[in-house]
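Below: the structure, in structure tokens.
The values are calculated or read from the model by the stated rules, or taken from the named source; none is laboratory data. Source: prediction; values computed, not measured. Cβ placement follows ideal geometry from the backbone for every residue including glycine, while neighbour counts extend to all protein chains displayed.
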Amino acid sequence: MSGSEALDYSKYFWQGSRVRLRPLRPGDAEQAFADSLDTPSRTTLELGVELPTSVPALREFMGRYGDCKDVDGVIIFCIETLDGTSVGGISWHTRSPKNGTFSFGVNVRTDQRRHRYAEEAARILFRYAFSERRFQKCTSACLSHNEASIRLHHKLGFVEEGRRRRQFYVNGRYHDETLFGLTREEFEANDQRSG
């Protein structure tokens, strides 16, 4: 197949109406480096202020996690628009087959937010986890002042289950963490309403 022929993704499980999930590629390192320069966004992800990185180091990271490899219980996908523009990433982690629970993390670049990319990417991942892998609950958390993440959790149907006080130290202060849970049944009901 030549590079000029368009692929037909119309029946592809990992695609929605706005985005598709794909494996990380070493070529994603340049964008990841640019993203690492947005310290406020990175600290909101509970990462705090990170040590400086480089494109070669990120290329190695992308290679290690590329092809949807499970590395220490974490699988990372790139979120791209239907025209192939990378807009962020989503991780699937903390999976417990015994208990049927899992967690996720999602980030969309600052200049690509407010297009519902994170919501659609999470719905794609959740459909896979609940319908194909038999998980029964997603657990999640975010910094209690992260209003965008809290709104996203509510849009996806999550229920607030609690708060951990002074859980993260970021920018010279301790921050609380809000805990969320989403059962398979809650997701399916919410997913039907949103579709």
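Which one is modelled with the lowest pLDDT, of the residues in the range 36-76 that are within 26 Å of Asp111 (Cβ to Cβ) and of a type in the set (Lys, Arg)? The residue in question is Arg42.
Identify, please: which residue in the range 72-92 is farther than 15 Å from Ala32 by Cβ and either aliphatic (A, V, I, L, M) or in a strand (DSSP E or B) (or both) and is, among those, nearest to the chain's Cα centre (by Cα)? Once the filter is applied, the top-ranked residue is Trp92. Remark: pairs (first residue in the range 38-60, among the acidic types (Asp, Glu); second residue loosely packed, with under 13 Cβ neighbours inside 10 Å and part of a helix (DSSP H, G or I); Cβ separation under 8 Å; 6+ apart in sequence or on different chains) = Asp38/Thr110.
Here Ala57 meets the list (1) farther than 20 Å from Ser103 by Cα; (2) in contact with a His (Cβ under 7 Å, 6 or more places away or on another chain) almost entirely, failing just condition (2).
Scan the range 89-105 residue by residue and report those that are small (Gly, Ala, Ser) and farther than 20 Å from Arg22 by Cβ. The answer is Ser96, Gly100, Ser103.
Restricting attention to the range 28-37, and to residues there that are in contact (Cβ under 8 Å) with a residue 24 or more places away in the chain and among the small types (Gly, Ala, Ser), which single residue is nearest to Gln167 (Cα to Cα)?
Filtering the range 28-37 for residues that are in contact (Cβ under 8 Å) with a residue 24 or more places away in the chain and among the small types (Gly, Ala, Ser), the one nearest to Gln167 (Cα to Cα) comes out as Ala32.
Of the residues making up the range 151-195, those that are β-branched (Val, Ile, Thr) and at pLDDT 95 or above are Val159, Thr178, Thr183.
Quick one: count up the residues across the range 30-71 that are under 17 Å from the mean Cα position of the chain (by Cα) and in a helix (DSSP H, G or I). Summing the residues that are under 17 Å from the mean Cα position of the chain (by Cα) and in a helix (DSSP H, G or I) in the range 30-71 gives 14. Only a single criterion out of (1) under 16 Å from the mean Cα position of the chain (by Cα); (2) surrounded by 21 or more Cβ atoms within 10 Å (Cβ to Cβ) is not satisfied by Lys155, namely (2). Those strands (runs of 3 or more DSSP E) of the range 120-195 in which 1 or more residues are without any contact (Cβ under 8 Å) to a residue 40 or more places away in the chain and touching a helix residue (DSSP H, G or I) at 6+ places or on another chain (Cβ under 8 Å) occupy 159-170, 173-183. Can you confirm whether Asp83 is farther than 28 Å from Arg164 by Cβ and either out of contact with any Asp or Glu (no Cβ under 8 Å at 6 or more places or on another chain) or among the basic types (Lys, Arg) (or both)? Taking the combined requirement at face value, the residue satisfies it.
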